[in-house]
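Structure record follows, encoded as structure tokens.
Read the figures in this text as sums done on the coordinates, not as results from a lab. Predicted model, so just to flag it, every value in this text is computed and none were measured. Here the Cβ positions follow ideal geometry from the backbone for every residue, glycine too, while neighbour counts run over all protein chains shown.
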Amino acid sequence: MIKFVLQAIPTYIMSVFLLPDGVIDDIEKMINSFWWGGGANSKGIRWMSWDKLTCLKEEGGLGFRDFKAFIMSMVAKQGWFIMSNPEALVSRIFKARYFPRTSFFDATLGYNPSFV
């Protein structure tokens with residue numbers, strides 16, 4: 001239930017926006033508290049570390065999603081779309097706004113970047 005419901009909720013937001021590390025940590029803490037069963041007064045028992053839980057099942061983990069790696073993969077997917085479809089509307093808008101004089105690979109972080 002945790003993997004299918006709680007990890008699916010922020011998937012759309014993560015596919016569009018680059019979330020700050022604090023937000024990612026808060027999401028992982030919520031999943032942790034739900035998984036470990038800690039109530040308002042207790043923290044529950046931690047039988048495994050979160051790093052072990054995010055490992056693949058074949059490696060002895062439970063296969064929970066590592067949100068930081070997931071966000072970076074979704075951002076890379078957006079970059080791939082921009083590079084492979086330069087005539088798409090979103091590609092042209094991003095190019096005009098964020099890297100009008102360079103290519104996607106040569107673009108640098110500007111003075112007022114957005115989370116998109």
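A few points about this structure:
- Peptide ranges 100-106, 11-17, 53-59 listed from the most packed, as the mean C-beta count within 10 angstrom indicates: 11-17, 53-59, 100-106
- Stretched out straight at 0.36 nm per residue, the stretch from residue 33 to residue 85 would grow longer than its current Cα-Cα span by 14.6 nm.
- Simple label model, 7 Å out from Cα along Cβ direction - residue 49 to residue 105, nm: 3.7 nm
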